[in-house]
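Below you'll find the structure, written out as structure tokens, and then a few comments.
The values are calculated or read from the model by the stated rules, or taken from the named source; none is laboratory data. On a predicted model such as this, the values are computed, not experimentally measured, just so you know. Positions of Cβ are generated from backbone atoms using ideal geometry, with glycine treated the same way; all protein chains shown enter the neighbour counts.
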Amino acid sequence: MPTQKAKRPASKGSSSRGSSAAKKSSSKSSGSRSSASKSSGSRSRSSGQDAVSLLTADHRRVQKLFKQAEKLESDDTEELQQLVMEACQELTLHADIEEELFYPALAAAADDDDQDLVREAMIEHRSARQMIQELQNMSPEDENYKPTFKVLGEYVNHHIEEEENDIFKAAKRAKLDMKELGQEIMQQKEAAGQGDAESGEEMGSASSESESQTDEEEETSGGGGRR
Ligand SMILES: [Fe+2]
Ligand SMILES: [Fe+2]
């Protein structure tokens, strides 16, 4: 299913757009609108975690769960159910955070060329949520339980790939304030019971698997859009 989506030429339309510079300067101020949603300021451990690092850590954590499920023996339904429940919970919180914080901030700041990226991501979330709901309503004994989880994993992997390759880059072009967004994400995670300790611990393993992403973040803080 994931592979059906036509691949977007990465730079399509960007060269023919004369107004993007002007647009970007105006979008920058709209991007900072999120400062209105007050961050508590007194956080020390999570304050250094930017949005891309946090979201990437979520991606790696859930990918690990899908991999673990693949390795299970076919009669290990109890363990499978545990993994499915955990992945579904993780994915739902992650999707909520992206839909409530990250995508709206990007949609407000990105230029026209990048708006479709956000729309596509939202549509993919909708399909993933349908599969999640199916799994949550399905018995682990159901012969479709494991296959459905596998398909969800493939779908999520495809989505993650596009998010990390296209959406995070669009966020960088739009000059989103990743630190501030990161604080808002941490607040929502904490409110949902996924606190500092867990994501801090997971960050270590995530960063080793996503070094290219980290390099990009460093570039981001150095500024300098490509368009
Ligand atoms: Fe994501
Ligand atoms: Fe997403």
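Overview of results
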| read-out | value |
| --- | --- |
| Candidate set from region 138-190 (those that are aliphatic (A, V, I, L, M) and within 12 Å of the chain's Cα centre (by Cα)); member that is surrounded by the fewest Cβ atoms within 10 Å (Cβ to Cβ) | I160 |
| Region 31-66, subset of a type in the set (S, T, Y), at pLDDT below 50 and not in a helix (DSSP H, G or I), residue farthest from ligand 1 (Cβ to nearest atom) | S42 |
| Any hit, region 179-186, residues being more than 17 Å from R60 (Cβ to Cβ), assigned to a loop (DSSP other than H, G, I, E, B) and more than 16 Å from ligand 2 (Cβ to nearest atom) | no |
| Every residue from region 128-151 that is touching a residue at least 12 places away in the same chain (Cβ under 8 Å), in a helix (DSSP H, G or I) and more than 13 Å from ligand 2 (Cβ to nearest atom) | M131, E134, L135, Q136, Y145, K146, T148, F149, K150, V151 |
| Hey, E79 among the acidic types (D, E), modelled with pLDDT of 50 or more and under 20 Å from the mean Cα position of the chain (by Cα) or not | no |
| Extreme residue, surrounded by the fewest Cβ atoms within 10 Å (Cβ to Cβ), among residues of region 88-113 that are without any contact (Cβ under 8 Å) to a residue 24 or more places away in the chain and within 14 Å of ligand 2 (Cβ to nearest atom) | P104 |
| Single unsatisfied condition, E70 versus (1) among the charged types (D, E, K, R); (2) away from ligand 2 (no atom under 16 Å from the Cβ); (3) free of Cβ contacts under 8 Å to residues at least 40 places away in the same chain | (3) |
| Residues of region 70-87 satisfying the condition of being among the hydrophobic types (A, V, I, L, M, F, W, C), more than 17 Å from E143 (Cβ to Cβ) and surrounded by 15 or more Cβ atoms within 10 Å (Cβ to Cβ) | L83, A87 |
| Test: L135 is within 16 Å of ligand 1 (Cβ to nearest atom) and either closer than 20 Å to A171 by Cβ or more than 14 Å from the chain's Cα centre (by Cα) (or both) | no |
